[in-house]
Amino acid sequence: VLDLSRPEVAEEIYERICAVLDESRADYLKWDANRSVIDLYSHKTSPGRILYDYMHGLYRILERLRARRQG
């Protein structure tokens, strides 16, 4: 599981997804999340915050992708 609790990781994932979408001119993106994320670990985020911060990182990526498509 990528450490999306870290802004620099989330930004890198966002940029790479944008590059793939731009190159392929995809009309549709399906994001499956069918893996348990209870075993998250981060070198920089405390264990008590990792899942919370991970989900916020994921939601920011998805929101930015949606806004990019609409804008």
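The values are calculated or read from the model by the stated rules, or taken from the named source; none is laboratory data. These numbers come from a predicted model, not from an experiment. With ideal geometry, Cβ positions are generated from the backbone for all residues, glycine too; neighbour counts draw on all protein chains shown. Heads up: the accessible areas ignore ligands, DNA and RNA and are worked out on the full protein's heavy atoms, side chains in. Shrake-Rupley method; radii C 1.70, N 1.55, O 1.52, S 1.80 Å.
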GNM on the chain, Cα springs under 10 Å; top mean-square fluctuation among Leu58, Leu21, Leu29 goes to Leu29
Long-range Cα-Cα pairs in the chain (distance over 21 Å), rounded percent: 29 percent
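Out of the trypsin sites (Lys or Arg not before Pro) in the stretch 8-64, which ones are loop residues according to DSSP with at most 15 other C-beta atoms within 10 Å? Please report the intermediate quantities before stating the final value.
Details: sites: Arg16, Arg25, Lys30, Arg35, Lys44, Arg49, Arg60, Arg64; in loops: Arg25, Lys30, Arg35, Lys44, Arg49.
Answer by residue number: Arg25, Lys30, Arg35, Lys44, Arg49.
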For the chain, what does the accessible surface come to per residue with a 1.4 Å probe? Please give it in Å². 80 Å²
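Can you pull the percent of the chain's accessible area that's carbon plus sulfur, 1.4 Å probe, other chains left in place? Intermediate results must be reported in sequence, preceding the final value.
Working: 3060 of 5690 Å².
Roughly 54 percent of what the probe reaches on the chain is carbon or sulfur.
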